[in-house]
Amino acid sequence: MRSLSLPTILCTLTATVVHSFHNIHPPILTITTHPSTSTTSLHGLKKGGKFGKQKDLAAKMEAAKRQRQVADGSLSPTSSSEQEESLSPEEIKLRNDRKRFESLLSSSLRNDSDGLGGDYLTVQQEEENAEAVFRGVARLYEGDPAPSTPFAELVSIENGEPIGKGGVERLLPNKADDYIVVITDPRPKSVELRSAIRKLVSGTVNEEIVKRCIVINPDSPGENRKMMKKLSGDSLAGKLRVLVDEDLEWMREYTALGEKRFSMSMFILSDGKCQKIARDVDGDLIGSVITNAVNAMKDNRY
């Protein structure tokens, strides 16, 4: 049975505790690190004085009390959308951090013959993600809003034109229980991506999932048509949609380029959020990664 390493659990738990502490005790001095420039900036005392801090603390305590009442059943929430609107950005971020930590813990209890432990992340990916949370790396995390605007500039391989606003509305899920799976790779003519696509359309993944899969790469529409033509003999090839991100703008917006090197990534988008994210995906495991991630999303949505 696979278990998370102690550094992973401690790292993520520390990050969650830090977020919780800051929600109750606003820091007097904060240090913000900018990874892209490796510079540090200091921000001084917050304005508002003692009265403002007391008022802010009272509001946060009331919000925490409300959340406890909902949890123990003494207060019935009216709807998930109203609950979402009543939470501050800090409360939403804290909730998502806790869910990420719970997901990391629960994944250590799963076991499977594919080396993923029944989960969609390897131990190394879990540890890297925990470290990124702890360091505050600027990238999309599970539970974050999924930007829809970047999709409009993606190019169709059929006509070589951007799909536009209308294409985005048809592409993105419009029901709360619906989803799409996005597989991306910024490397031109990526051998690993093509191998992963071949596995996807060969029947290793359920057809209902394949129909919701979208591949995004930087290759030209013509190059992608050649690739898909070679796969035309596979039963599910016609179910898979391929879009072009020639300038890598979509991948930049979704922080899918990789921190240290270009690699394959997977995003499951549903209800306007990034429900599941896997970075530096092994193309040989793409079937298990996607299937396990979809199952995990159904068990635990943001």
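What the table shows:
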quantity	calculated
In order through the stretch 200-212: 3J(HN,Hα) via Karplus (6.51 cos²θ - 1.76 cosθ + 1.60), integer Hz, x for Gly, Pro	4, 8, 8, x, 6, 10, 3, 4, 4, 7, 4, 5, 9
Nonlocal amide H pairs with residue 280, under 5 Å, H built at 1.01 Å	264
Under 5 Å, built H, 5+ apart or other chain: amide partners of residue 273	146
From phi via Karplus (6.51, -1.76, 1.60), per-residue ³J(HN,Hα) for the stretch 232-239 in Hz, x at Gly/Pro	4, x, 7, 4, 9, 4, x, 7
Rounded if a/c under 1.5, otherwise prolate or oblate - the stretch 124-172, Cα gyration tensor axes	prolate
Hz values of 3J(HN,Hα) by residue in the stretch 254-268 - Karplus curve (6.51, -1.76, 1.60), Gly and Pro given as x	8, 6, 10, 8, x, 7, 10, 7, 5, 7, 7, 9, 9, 10, 10
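Since every read-out is calculated from the coordinates, none of them should be taken as a lab result. Nothing here was measured: the structure is a model prediction, and the numbers come from that model.
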